[in-house]
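Note sheet for the following structure.
Since every read-out is calculated from the coordinates, none of them should be taken as a lab result. Please read all numbers here as calculations on a predicted model, not as lab measurements. All Cβ positions, even for glycine, are placed from backbone atoms using ideal geometry, and neighbour counts span all protein chains on display.
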Amino acid sequence: MALYSEKVMDHFRNPRNVGVIENADGVGEVGNAKCGDIMTMYLKIDNDVISDVKFETFGCGSAIASSSMATELIKGKPVSEALKLTNKAVAEALDGLPAYKMHCSVLAEEAIKSALKDYYDKNGIAYDADLLGGEHDCEHCCE
């Protein structure tokens with residue numbers, strides 16, 4: 001059995017939505033040097049819909065694939081739907097990740113939520129802090 005699914009390999013070799021959105025409505029960066037994986041998500045939001053999303057990821061193939069898939073899952077969706085995206089949904093959409101690479105899907109979820117928090121903060125929009133989560137703790141996923 002292959003270590004990575006065809007979808008993981010496809011999103012690693014041909015990542016979707018790579019790049020930067022100048023004057024993004026929300027920007028989120030997560031990860032740290034201990035992990036080796038750092039993700040930045042850029043969101044363009046029009047009328048409460050994510051009209052564009054781009055990412056930059058420094059990390060392994062699973063991190064790149066998770067970032068790519070996460071952008072595909074939220075592009076064109078209402079912000080309320082993007083808030084509900086879980087790391088498990090990202091991993092499932094990739095037809096699974098090895099257990100020791102699941103932290104990559106966690107980072108993708110956290111990067112999106114961090115970008116949404118930035119959007120809310122920039123626009124003075126109240127939000128439930130519990131929905132947006134906290135900072136990534138590599139102590140629990142990357143050892």
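Within the stretch 36-45, at least one residue is more than 27 Å from Lys122 (Cβ to Cβ) and over 12 Å from the mean Cα position of the chain (by Cα).
Look at (1) out of contact with any strand residue (DSSP E or B) (no Cβ under 9 Å at 6 or more places or on another chain); (2) without any contact (Cβ under 8 Å) to a residue 60 or more places away in the chain and you find that Gly76 fails only one, number (1). Each residue in the stretch 32-69 was checked for being in a strand (DSSP E or B) and closer than 19 Å to Ser80 by Cβ, and 10 of them qualify.
Among the residues of the stretch 17-31, those that are touching a strand residue (DSSP E or B) at 6+ places or on another chain (Cβ under 6 Å) and in a strand (DSSP E or B) comprise Gly26, Val27, Gly28, Glu29, Val30, Gly31.
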